[in-house]
Structure formats: C-alpha cells, structure tokens
Amino acid sequence: MDHRPQHWGRPRDDVYGAYDASYMRPNGPTTHTQSPVVTGTSVVALKFKDGVVIAADNLASYGSLARFPDVKRLRTFAGTSVVGFGGDVSDMQYLDRHLQELAIDENYTSEKGHTLNARNLHKYLANLLYHRRSKFDPLWNHLLVAGLDEDDKPFLAAADLLGTTFTSPSLATGYGEMLAQPIMRRYAKDEEAAAQLTRDQAVDIVKECMKVLFYRDARSLDTYSIAVVTKQGIDLKEDVKLENQSWAFADRIKGYGTQTV
Amino acid sequence: MTSIGTGYDLANSIFSPDGRNFQVEYAVKAVENGGTSVGIRAKDGVVLAVEKVITSKLLKPGANKRIATVDKHLGVVYSGMIPDGRHFVDRARDEARSWRDTFKTPISTSDLASRMGGYLQAYTLYQSVRPFGITAIVGGFDSELEAPVDGEVGTGPSVGAGGKVEGKHGGPGLYMIEPSGMYWGYYGAATGKGRQAAKAELEKLDLAAGTLDLKEAVKEAARIIYVAQQDNKDKEFELEMTWISNATGPTKGRHEEVPKELKDEAERHDTITALLVERESKPNIEYDSQKVRSRLPFAMNAARLMTHA
C-alpha cells in the first residue's frame, strides 16, 4: 500500500514509469487582461455651485470600429452619486453589477437615509481598482465619481486602472484630458471659481466640451448622456444630441488625407 | 390531541399513525403567540404591518425594526420566534442575491416565496433540525416596466420585438409561508396572536376587487393591527409599517418604511374610528362594530396615541 495520497489515483510509477508533470503545466505564465477590447472614450465632469455635471457619449468602440452606438456609460449609485466609465465596457458592466449589489447590501445594514456618499464610493472604487492591479488583473477603466460629500458639498474625483486617484474642480478621462480639461479650466481654474458657476453655466460648458470632443476625437459620438447631481437628486438624460455643430473649421485643417496643398 | 404522549410528537420527520407531523404543529403554536403581522395587497402596491410588543421600557422607541427589506423591492414580516425570522430574512437575502448573480435581474415575489417555501419545508424532514417557529409574510412589487438586466448598456434592437413579450408584466405580490413550508398567494394575509380578528377585518375589504389603493391600505392595515390588538390590550405595543409601490408611486418600486406623517395619520384615533364607522355602514358585512367600538378606548390607550401624534 502506498500511503502517500499524492500518488493515489494515478498510474503506478513502478508499472508505467514516473509521471511527467510537465504535461500538466501551461506553456507560459498566467496572463490576465493585457488590453481593453470594447471601449468607451472620454468622460467629462465639472463642479458648480450646488453640484456636479458629468457627461459621456453613448459609443462603445471595438478598436476603431464604432461598434455599439447605444451604450450608457453614466451609472447612478443609490440615487445620490453618478459614476462615469471610460475604458473597457465589460469591466464597466462588472463594476456596475458590483455596485448594484453594494447598494443593496448597504441598504440592509444602514439606517434610512444613510448610505455611501460620493466620497465613500470613490474611495471604495479606488481601493477596488488598486487591489485588482496588485493582482496583475486590472479592471481596465478610468472612472469619474460625481456626487456630494458628507457635508453635501459637490464632490468630484477620478480613479484609474492602477488605483491612482485625483481630484479637481473639473476632470476628464481619455482624450478629454487633453481636449476638454483646458476648456473647463478656463471657467473653473480653482474651487473658488467653480463655486461661482451656476448650474446652467456648468451644463453649457460641459456640452461645449462634448462638441469639441466630437469634432476632434475619432472614437466619439454625437449622442451622449449627461447627468446633473445636486442635493435634490440626479437629473440624468441618456439620449442627448449635440446641437449647433459647425464644421467650418474643417476646411482649414491641413496635413491629413488626400490633400495635396 | 390524543396522540400526544405516544412518542410521535418528540421527533421531527416522524409521522404519527394518523399522518401528522407534531413538531410542525407545535411550531404553529409558537407562531400563534407572536405579535400580529398583516399584509395587504392593494391595486398599486403592498403594505406590511406588525404589532411590535414592547417587552421592556428600556427599549428605544422606533428602534429594533421587525420588518426587513430583501433586495430593493421586497419586504418580509413575520410572527413567532424572532431569531427564526432573522434567519429567514438572511436566507431570503441570499436567495435574492444568488438570483441576481444567475439571471442578472431582480427575483420576483412569487419566486422568492417559492424558494423560501422550499427552504422551510426542508426543516420538516430531518431529525437534526426543528421547523421554523414563524409564519412569514412576503410582499413585493415586481416592476411593471421592462425589467432592466443588471449591467445592461443599451436598449436593444430598435426594430422588431427584440425578444420582448407583449402584455402585462409585474405587479404587487403577497405570499404567506407557514412552518410546514406551505405557502399561498393572498390578497390580504394575517398571522400571529390577533390573526382571527385581523383576517375577519381583511375579508371585509373586498381586496379581490382591486379597488383599494395603497394609501387607503396603509390606513386599513393600521386599523386592523389596532382592532386585532384588543384581545391583548394590557400589553404595550408599537406599530411598524412598510410599503412598496410601483415605479411611479410614492416609493418608486422600493420597499420602504411608511413616512412618519402618513403613519401618524393612519394611527390617529379619529382615523381609525372613522374607518370603523365606514366599515359598519357597508352592507353585507357581518361585523359586531358595537362590540369593537365599546372596547376601543381601552384598546387604544389615549396617552400612547398622543405620543404618536
């Protein structure tokens, strides 16, 4: 009797020779997500006097193909916060389900009216993203969390796939970091300036940013979602069309395509 | 119960020669001593109410909730052994979560009742366990809107049916689950000490007609708890009420506590008296309202009501 359990249930070494364990090994190291597949582009957000405006277009691209033109990338949490997702769409769906479960569980344990505010939610998501990158299995997203903090003051912060966090009166992900941030900073260079903005002003600035992004970002769409988070709740519109587009500037762009001069 | 003392009542999962499971019957006895629970399925929602007996003056009023939420759109209230009820709620939450994990959509009221009925029934089969000492009332509102899939990103095809089924979907649901695991769907359900009086009151409401709306149901539920409490009038109690409306109603499809203003109004002496008079005025109602009204001042301790107002 062979008393070593690791030898049970396999061909006997004395009859068939030693087992070659290399057959059981995968060839190469274990790999997780190396790059995103179906992606969403920029999310832009801007604080104002009483809250935060956040917007993202409704496109999910497959590489450079505009694959899904009906994808809602702004997600509400507990009726008090909005999370905007840039990056991988399947990871966004995973996070969305995870947040849904979190909201239900929080509701079980907390007294009425007490749930995670936007600051708590941002910290939670940043920790989750950092945990996943530390497992070398990142969730390939760049998030903006918009809502109110514990004092009902506007709150806006970002977290990326490495778990890096950042906060500012205006924030954008993806191409928006380059194209939308400079525009928003013109109106809200610091917290004081942002606190002067009215809701209508903030919405107009964000809509202007969405237009510029549609002009210049080849992975963007003219249909977008926009949400305004205030103490009164979330006003989310999911099928907004860009208005007053003017492509007159396009004539003057040189150096691309088939132009010869 | 001539069979008592024959030994067949000592163990779970053993039938007596005349085909009874005594342990289950004893569990029902435990329920019959608990505070009264009531559920009403109105046309646009569900109300759950419980008579919470105050066991000590040192307990904080309004704390120690007896009605629990499961997922977002379901509520559970129970009479009997409270720790058993707590475990029932834990299990119901696990069922609701695993349903979402599997199907990416909220569990329906009927499916939760089915799962929990099956769970309780299993506790009548084995020597190593005892049946649940509770009867639970599960109320919920299954969304009438097209149920979103958790994590869904789009709205699906813009032409054709896209897999959608025409017709009415969702609506209010109310189920009562007994220690045997048996469950039925109800228009109005009552259990616990005052269940007889409460059931008699519920039958007068003609809930099957589907005319009673949610706000009326809240007042009726409060009244019924107070009427059912009369046989037990020496005990102090607190009324706890929750409700679930459709997506356009006051709770937006969620299970929530009835707001304080509405609950206070429903609990006011004149609201209850007016309702009693109204019930009396209706024909075809066998109801000894004179008897009820003569006992009313005792049942509804005026000082207690004032503290609620």
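Averaged over B:147-154, how many beta carbons belonging to a partner chain fall within 10 Å of each residue's beta carbon?
For this peptide, the per-residue mean of nearby foreign Cβ atoms is 6.
Would you mind checking the tilt of helix A:118-134 against the longest principal axis of the Cα atoms of chain A, expressed as 0 to 90 degrees and rounded to 10?
40 degrees
Hey, if we sort B:HIS255, B:HIS169 by accessible area with the 1.4 Å probe, largest down, what's the order?
Greatest to least solvent exposure: B:HIS169, B:HIS255.
Please compute the volume of the convex hull spanned by the alpha-carbon atoms of the protein assembly as shown and report it per residue in Å³.
Value for the protein assembly as shown: 277 Å³ per residue.
In segment B:21-106, what trypsin sites (Lys or Arg not before Pro) fall in a loop by DSSP, with at most 14 other Cβ atoms inside 10 Å?
B:LYS57, B:LYS65
Given the protein chains as shown and a 1.4 Å probe, how many square angstrom of A:HIS7 are accessible, to the nearest 10?
In the full protein context, A:HIS7 sits at about 70 Å².
Tell me, what is the per residue accessible area of chain A in Å², probe radius 1.4 Å?
57 Å²
Enumerate the aspartates and glutamates that A:LYS211 could reach by cross-link, defined here as Cα to Cα under 17 Å, with residues fewer than 8 away along the same chain left out.
Straight-line reach from A:LYS211, under 17 Å: A:ASP57, A:GLU177, A:ASP200, A:ASP222, A:GLU238, A:ASP239, A:GLU243.
Among the aspartates and glutamates, select those whose C-alpha is under 12 Å from the C-alpha of B:LYS252, and discard any that sit fewer than 8 residues away in the same chain.
Counting by Cα, and skipping residues close in sequence, B:LYS252 has these aspartates and glutamates nearby: B:ASP44, B:ASP142, B:GLU144.
Where the convex hull is taken over the Cα atoms of segment A:5-107, what is its projected area averaged over directions, in nm²?
Averaging across all directions leaves 12.9 nm² for the Cα convex hull.
Against the empirical 2.2 N^0.38 Å scaling, what ratio does the C-alpha Rg of chain A come to?
1.31
If the only charges are +1 at each Lys and Arg Cβ and -1 at each Asp and Glu Cβ, what is the size of the charge dipole of segment A:38-242 around the Cα centre, to the nearest 20 debye?
400 debye
Hey, which of these cross-link pairs are over 20 Å Cα-Cα: A:LYS72/B:LYS72; B:LYS60/B:LYS260; B:LYS60/B:LYS215; B:LYS204/B:LYS260; B:LYS29/B:LYS60; A:LYS72/A:LYS231?
Table pairs above 20 Å Cα-Cα are A:LYS72/B:LYS72; B:LYS60/B:LYS215; B:LYS204/B:LYS260; B:LYS29/B:LYS60; A:LYS72/A:LYS231.
Please build a GNM for chain B, connecting alpha carbons under 10 Å apart, and tell me which residue among B:ALA113, B:ALA122, B:ALA221 fluctuates the most.
B:ALA122
Hey, can you list the residues from segment A:65-105 whose accessible area shrinks by 30 Å² or more with all protein chains present, relative to the chain by itself (probe 1.4 Å, no ligands or nucleic acids)?
Residues losing area: A:ASP70, A:ARG75, A:GLN93, A:ARG97, A:GLN100, A:GLU101, A:ILE104.
How big is the dipole moment of the protein assembly as shown about its Cα centre under a simple scheme where the beta carbon of each Lys and Arg is +1, that of each Asp and Glu is -1, and everything else is neutral? Debye, nearest 20, please.
Value, rounded to 20: 500 debye.
Given the pairs B:LYS52/B:LYS263; B:LYS43/B:LYS219; A:LYS207/A:LYS237, which are separated by over 24 angstrom at their Cα positions?
none
Among A:ALA118, A:ALA250, A:ALA157, which one moves the most in a GNM of chain A with springs linking Cα atoms closer than 10 Å?
The residue with the greatest mean-square fluctuation here is A:ALA250.
From the convex hull of the Cα coordinates of chain B, what is the mean projected area in square nanometres?
Result: a mean projected hull area of 19.6 nm².
Using only alpha carbon pairs under 8 Å that are at least six residues apart, calculate the relative contact order of segment A:38-242 and give it in whole percent.
Answer for segment A:38-242 is 31 percent.
I'd like the carbon and sulfur percentage of the solvent accessible area for the protein assembly as shown, probe radius 1.4 Å, heavy atoms only, ligands and nucleic acids excluded.
Here carbon and sulfur together make up 53 percent of the probe-accessible area.
Mind grabbing the interface size between B and A? I mean buried accessible area, both sides, 1.4 Å probe, in Å² to the nearest hundred.
Separately minus together, B and A give about 1500 Å² buried.
The values are calculated or read from the model by the stated rules, or taken from the named source; none is laboratory data. None of the values given here were measured: they were computed from a predicted structure. For neighbour counting, all protein chains shown are included, and Cβ atoms are generated from backbone atoms with ideal geometry for every residue, glycine included. Each accessible area value is taken on the protein alone, full model and side chains, heavy atoms only, with ligands, DNA and RNA left out. Shrake-Rupley method; radii C 1.70, N 1.55, O 1.52, S 1.80 Å.
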